[in-house]
Amino acid sequence: MLQGSAKTHAKYIEQSKLTLEGALRQYDQYKVEYNELQHTLLELPNEVEYDAMVPVGPLAFFPGKIIDTNEIMVLLGDNWFVARSAKEAAEISKRREEYVDSKIAGLKKELQELNNRKDLAEK
């Protein structure tokens, strides 16, 4: 009876580890994207306008220009947007990256605790 319970517990720990590792990969990707966004936001105001391919639908793009490069619409949440300067938008992105860092640290700690539990269960 105890042997079956240990197997069930080990299976639960393994499933939890897979879930945490998936979340960790996702947050690592968010961190990379926020870092790239900050770089772009800080470089954007260096020029008055940029040539770009503008999406007109899911499959159509037309040549166009990005103007007012210092005015960025930032999503605050729940479909609320606000106009911010590129510098302010970069600061918001930095704060979001710091939040992602805290989530990554929490996930790593939780993963370590699961590994410790797995080691204890195997003894």
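Evaluated against (1) touching a strand residue (DSSP E or B) at 6+ places or on another chain (Cβ under 9 Å); (2) among the polar types (S, T, N, Q); (3) touching a residue at least 60 places away in the same chain (Cβ under 8 Å), ASN35 falls short on exactly one condition, (1). Being without any contact (Cβ under 8 Å) to a residue 60 or more places away in the chain, touching a Gly at 6+ places or on another chain (Cβ under 7 Å) and of a type in the set (A, V, I, L, M, F, W, C), is that true of even one residue in segment 43-57? There is at least one residue in segment 43-57 that is without any contact (Cβ under 8 Å) to a residue 60 or more places away in the chain, touching a Gly at 6+ places or on another chain (Cβ under 7 Å) and of a type in the set (A, V, I, L, M, F, W, C).
We did not get these values from a lab; they are worked out from the coordinates using the rules stated. These numbers come from a predicted model, not from an experiment. Glycine also receives a Cβ, built like all others from the backbone with ideal geometry; neighbour counts cover every protein chain displayed.
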